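Report on the structure given below.
All of the numbers you see were taken from the coordinates with simple rules; none came from a lab. Because the structure is predicted, anything quoted here is derived from the model rather than measured. Here the Cβ positions follow ideal geometry from the backbone for every residue, glycine too, while neighbour counts run over all protein chains shown.
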Amino acid sequence: MDVDLTRRAFARQRVLNPIQVARDGEEALQCLQAWEMGADLPALILLDLKLPKVDGLEVLRTIKTHPRFHALPVIILSTSGEDRDILTAYQEGANSYIVKPVDFDRFIEVVEHLQTYWLSLNIPPF
Amino acid sequence: MIRLDRLRHIVVVEDNPTDLELIRRGFAQGNCEHLLIVVRDGEEALEYLRRLEAGEPLPAAVLLDLRLPRVDGLEVLRHFKQHPLACRAPVIVFSASADEEDVRQAYENGANSYIVKPDEAERFQEVAMRISKYWHGVNVSPA
């Protein structure tokens, strides 16, 4: 995921939650190990599908089959609007799928919706 | 190609007329009132599955109350998530209960999201509007 763009959009929308960044699939899987050791669980996971080293679907599968973390909300944020990618992500347990807009202003709107929906309306399982 | 779910239906499984009216108003506020399919109890929800089997297009999402007459909401959730077609549709549990056990069971049974119904009518309607905006205008779900 474009980390700088995402950080800027979150700052613009005054999202106060701390952001932890995993730059590839391997780092994402390391986060799971840290949670197992007692690190704070995230309120929300934004996951790109196209990731170096370990791909996003594999990361999704690992989270969604994990005995303790499978109910963490995972939102796929991908440039792909392909039906097959959307279906596979849902079959692997994604909570929601958003096609990442290329336009920054539109991306800001998406972040606003993410914030109001997932960080204030939705009740997480923990 | 970017596909948005603006023109797809959302199925609302809800038996309480007051709550249903507030959901309608919220959807109307988001200009999506015409996209509501109302299912009034658990048995009707199971009949709705037959309609999907007969070729009715998949909804963008399902908004499900937990306390339903005849077949309860968790049971409906299980039927949807085990159904070969309906399992693809995201299910948002929309319940008056904020009880941890209800939340846990909803997610365990495959709910994609859990939202508590506000007590106050104006806030309820606003939450319904936000739900319709998110699942119609931001999220994409399998066709």
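Quick notes
- Span-rule helices in chain A, defined as complete DSSP H runs reaching 20 Å or more along the axis (Cα) with Kyte mean at least 1.0: none
- Note on chain B: with a GNM built from Cα contacts shorter than 10 Å, the maximum mean-square fluctuation among B:Val38, B:Val93, B:Val62 falls on B:Val38.
- Spin-label pair B:Ile37-B:Ala121: with each label point 7 Å from Cα along the Cα-Cβ axis, the two points sit 3.0 nm from one another.
- Sparsely packed loop sites in the stretch A:1-32 (the trypsin sites (Lys or Arg not before Pro) outside DSSP H, G, I, E and B with at most 13 other Cβ atoms within 10 Å) comprise A:Arg14, A:Arg23.
- The label-point distance for A:Lys64 and B:Arg67, in a model that sets each label 7 Å from Cα toward Cβ, rounds to 3.2 nm.
- Relative contact order of chain A, pairs being alpha-carbon contacts under 8 Å that are 6 or more residues apart, as %: 26
- Taking every DSSP beta bridge that has both ends in the protein assembly as shown, the antiparallel portion is near 10%.
- Prolate/oblate/rounded call for the stretch A:75-126, Cα gyration tensor, a/c under 1.5 rounded: oblate
- Relative contact order for the stretch A:52-126, counting Cα pairs under 8 Å that sit 6 or more residues apart, in percent: 29
- Considered as an equivalent ellipsoid built on the Cα gyration tensor, chain A has semi-axes of 21, 18, 14 Å, the largest given first.
- In a fully extended conformation the segment linking B:Glu21 and B:Arg78 would gain 17.9 nm over its present Cα-Cα distance, using 0.36 nm per residue.
- Point-to-point label distance, A:Glu112-B:Asp99, nm (Cα→Cβ direction, 7 Å offset): 3.8
- Residue pairs, from the table A:Lys53/A:Lys100; A:Lys100/B:Lys81; A:Lys53/B:Lys133; A:Lys64/B:Lys117, whose Cα atoms sit over 30 Å apart: A:Lys53/B:Lys133
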